[in-house]
Structures are given as structure tokens and as C-alpha cells.
Amino acid sequence: MNEKKANEMANENDLSEFLQVGSAALFQPGLQPGGAPSIRTSILGWKTKSYLFLDRPRLRDRFLPLAEGMTCVVRFVREGAACGFASAVIDWSNFESDSWCRIAWPEEVHSVGFRRHQRVETNIPCTFSGEDGRTGNGEIRDISVGGCRIAGDMVFDKDTRLKLSFILPGCGPLQDVEAIVRRVDTSGASTCLGCEFAEGQAHIGSEIAFFITCKRTASDGMVSDRPRVLVIDQSHANRGLLWRAFDARGCEVITANSTVDGIFRLQLLHPIGLLVSRTLPDMQGLDVCRLIRANKSFESLPIVLYGAEDDTSGTPGLHAERIHYFPSLQASGAICDAIMQATATPE
């Protein structure tokens, strides 16, 4: 898979190219990025442009509770690309001997290339425990799909097996990740352990690959030379109007026509501002804004809610929640000003 292909956002006809029966995947219920943990599953099969079958996700020894129409994000790694898409649950089996869930074929697949040994610098707090029962706290200083470097206050011998637990920003918690100490450095103020992730943890690789691609997006992988704003609106006319307004201000505009697609793009592309219509097909726009604002990763993101000028229900509490509201897109210039002023660097 060439670099150009790996960095495209594929349309629905391309998903089949990335799928493989039996391959590991991650199922994240709900919409809030980083809110719910990702649960390991595998791809059982699919019908192109209709649906996919997954092994029904489990929480420990029980099936994950599902509901018809339940939104989800599915992620997996295939041929040097971290792939993912938003979907919704159609139906499922409750039988242990034949456990599956069927999800809708996505409208769009996100695919970003990565290198297995590409490392990104981090400062992620972690806990770890050794084979001898000792436990400690540390900080992951860099990470790749194949391993990580941990700074801590405990020394372990080379080839010691550890279990690590940490939270990947924007992705979710990873528990009891098995790793093997390959290098020990005690020359600095703290002990640094170079660890290799143990084999047989494909779901861990998928989660870390997505974290790395998100970091690349924010730094060099898919970065535009123009600031990005994200518009979530089912109306093509509205999206076009806002695209023209922000394009005239030198911004790149990314659009999504549903909440699920919008949340996924928000997590992957890290825009400088978010604009949400009050009328969406799957959730109320106000609920979407509050959902995103409640997430620590986006607590400072400028958010604009707009539309429904004939709605007399009002928008109580938006000022306290730092959500700008405009009843109509006739004020597109003022909407642009609200985003640009909120992101301006004080002189």
C-alpha cells in the first residue's frame, strides 16, 4: 500500500480492501472520543455496502450489552495502515456457541499509514507490575506499535515481563498490556526501561497505531498549511455556505453530515474550531456540543452552535459552557469572527 493510498480517506467502495476475516479489531461503544474503553473483537465477515459481522465484544466473561442503532467506532490495523470507521449496531446473537454482532456498512473509512517502529514522544502516566509482584508508577516517554520507553523509580532486570496500564489520550484506557524489558538505563535521575510489547496483542497494536496517527495528524502527517475548522451539519447548503465563509478567511473546512462521522473526524483531525447545527439526524446539536465539551481533550475547543431560529425553547446555560450560539447562518461573518477570535494568540 503506497503512502498516498494510506493517507486517503476512503469511500465505501474501498473498505473491502482493508478487511480480512479473522483479523483483530477494536470496538468502541458510543460517540464520545476517549470516553468508553475500546473492547477487542475480530472481523467475521461482511457484505459489501450492506453490513459487517464482528465477534460480539465481551466485558470480561460477559457479552457487552448492545442496543439496536447503538453507535460505535471500529478500528483495526491492516497492511501498514491504521483504519477506522463509525457505524451502528443492527442486530446480534446471544448464544455463546455462535456469538456475533452485525453493524452497518460505513459511509466513510479513515485510513492513515504508519510505520511499526515509528515512535512518538509522550508523557503518559502509567502503572506497572513485575513478575515478582512489585508494582510502581511511571511515565511513558515515547511509544510505538512495538514497544515503549518508561521512566520510573523501580529497576527491573532485562527480560523481566511486566504488565502496564495507561490511558492513551483521545483513545481510551489500556489495561494489563504485557511487555518485556529489553533495555535498562539507570544513568539519569530516574530509571528508564525500554520495553517491547509481547506478541499476541493485536488489539493493543490497533489502539496504539491510532494514537500515533492522531499525533502525526496534529504534527506532520496530514497537517494542512491552513487552520482547520470542522462543520457537522446534514444540510449540503449549510455546509457549503460555511465552507465559503471560512475559506475566504484562509481556513480549511472539514465537513461531516452526522454526529458519528463528526466525532470521528474531530478525534482524528484536531481542528481549531467546531461548528454544529442544532438539527442533526442522530442527535440534537446542543447535546453533541455538551458531549464534546465534557471531554477533557476538547475543553478549550471553540464551539459554535447554530440554526433553529424559530425554536422558542432557548439555549440556557450556553455562556457558562463556553458554547457560542447563533440562531441563523445569515450571521456567517460573525460566526467566523467567533471562531477566529477564540483561537487568536494574544499579542
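The values are calculated or read from the model by the stated rules, or taken from the named source; none is laboratory data. This is a predicted model, so every value here is computed, not measured. Please note: Cβ atoms are built from the backbone with ideal geometry, for glycine as well, and neighbour counts cover all protein chains shown.
Assorted remarks:
- Index of the failed condition, ALA67 passing every other in (1) surrounded by 14 or more Cβ atoms within 10 Å (Cβ to Cβ); (2) at pLDDT 80 or above: (1)
- The one condition in (1) at pLDDT 80 or above; (2) of a type outside the set (S, T, N, Q); (3) in contact with a strand residue (DSSP E or B) (Cβ under 6 Å, 6 or more places away or on another chain); (4) more than 27 Å from ILE232 (Cα to Cα) that GLU96 fails to fulfil: (3)
- Residue satisfying condition, being of a type in the set (Ser, Thr, Tyr), at pLDDT 75 or above and under 23 Å from the mean Cα position of the chain (by Cα), within set SER190, SER219, SER165, SER224: SER165
- Residue count for region 1-32, restricted to those that are closer than 19 Å to GLU107 by Cα, part of a strand (DSSP E or B) and modelled with pLDDT of 75 or more: 5.
- Residues that are surrounded by fewer than 19 Cβ atoms within 10 Å (Cβ to Cβ) and under 21 Å from the mean Cα position of the chain (by Cα) within region 79-96 comprise GLU79, GLY80, ALA88, listed in sequence order.
- Pick from region 169-183, criterion of a type in the set (A, V, I, L, M, F, W, C) and within 15 Å of PHE128 (Cα to Cα), ranking: nearest to the chain's Cα centre (by Cα): LEU174
- Count - residues of region 281-296 that are in contact with a Ser or Thr (Cβ under 6 Å, 6 or more places away or on another chain) and modelled with pLDDT of 85 or more: 2
- Conditions (1) free of Cβ contacts under 8 Å to residues at least 12 places away in the same chain; (2) closer than 30 Å to TYR51 by Cα: number failed by THR135: (2)
- Extreme residue, surrounded by the fewest Cβ atoms within 10 Å (Cβ to Cβ), among residues of region 166-199 that are in a strand (DSSP E or B) and touching a Pro at 6+ places or on another chain (Cβ under 7 Å): PRO173
- Looking only at region 142-162, and only at residues there that are within 26 Å of the chain's Cα centre (by Cα), in a loop (DSSP other than H, G, I, E, B) and of a type outside the set (Val, Ile, Thr), the one that is surrounded by the most Cβ atoms within 10 Å (Cβ to Cβ): SER144
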